[in-house]
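Novice: Supplied in structure tokens, the structure appears directly below.
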Amino acid sequence: MIENIVFDMGGVLINYDPEGTIYGIFDKEVADIALKEIFRNRLWNEKDRGTVTPDEIMERVRDKIPPRAYDKVSEITHNLYPYMKPFEETCRLVRELKRNGYGIFLLSNASDDFFENKWRIPALEYFDGYLISADYKLLKPEPEIYSVFFEKFNLNPSECFFIDDMPANVEGSEKAGMKAYCFNHKDFALLRNALRENGINI
């Protein structure tokens, strides 16, 4: 029986869209460079792993970002949260699940700036615990991060249901023994159906 619902953050609780954000702020030349050198680069994943800081990223790309855009690119690299709007429908779902007695947890690839920005995400007030990848130098879908998550909160994988927008992370979750659903943030009806099909009271 499912007793705990585990959420990813970007693409599930909030609209994680670096491409839309960057192209909405900069001209195409700057946007293409910023996306290539930072947001689509392995450096962004290493930031979530907690092994590189925003300052270190900007130092590495200093000669590649046009000077006219450097300060703004740096600002976004240091904190993308103001540009990621929370999904109101997810917040309603979280409230409903919490009201129905489920444990609510976060398992997210994110850097440690999460903790100073979590106030921006209303749904998080209903959560029982968070595991952020940077705290453990791990990333989904590495098997170790799921093991650490279950141990940290003393959870039985078979009693958990995971919602993530990345197929690889869903697959990793299922290999770890936790049922999972790959969420397209445009279709909350399908998400609710998936929850009900797994015996979750919603």
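Novice: Using only the Cα atoms of segment 78-136, build the gyration tensor, take square roots of its eigenvalues as a ≥ b ≥ c, and label the shape rounded, prolate or oblate: rounded if a/c is under 1.5, else prolate if a/b is larger than b/c, else oblate. List each step's numbers first, then the result.
Specialist: On the way: a/c = 2.75, a/b = 1.43, b/c = 1.92.
It comes out oblate by the Cα gyration axes.
Novice: A further question on this structure: Set the bar at 21 Å for Cα to Cα. Now go through Lys36/Lys118; Lys47/Lys179; Lys47/Lys140 and name every pair that lies beyond it.
Specialist: Lys36/Lys118; Lys47/Lys179
Novice: Using r as the Cβ-Cβ distance of Asp187 and Glu159, and R0 as 25 Å, what FRET efficiency do you calculate, to the nearest 0.05?
Specialist: That gives a FRET efficiency of 0.45.
Novice: Related question: Where in segment 132-149 does the label zone of Arg60 land, with the point 7 angstrom along Cα→C-beta and an amide N cut-off under 20 Å?
Specialist: Counting only backbone N, you get 133-142.
Novice: Where does the charge balance sit around Glu171 when Lys and Arg score +1, Asp and Glu -1, over other residues with C-beta under 14 Å from its C-beta?
Specialist: On the way: positive: Lys140, Lys175, Lys179; negative: Asp8, Glu142, Asp164, Asp165, Glu174.
Result for the local shell: -2.
None of the figures in this text is laboratory data; all of them are computed from the coordinates on show. These numbers come from a predicted model, not from an experiment. Positions of Cβ are generated from backbone atoms using ideal geometry, with glycine treated the same way; all protein chains shown enter the neighbour counts.
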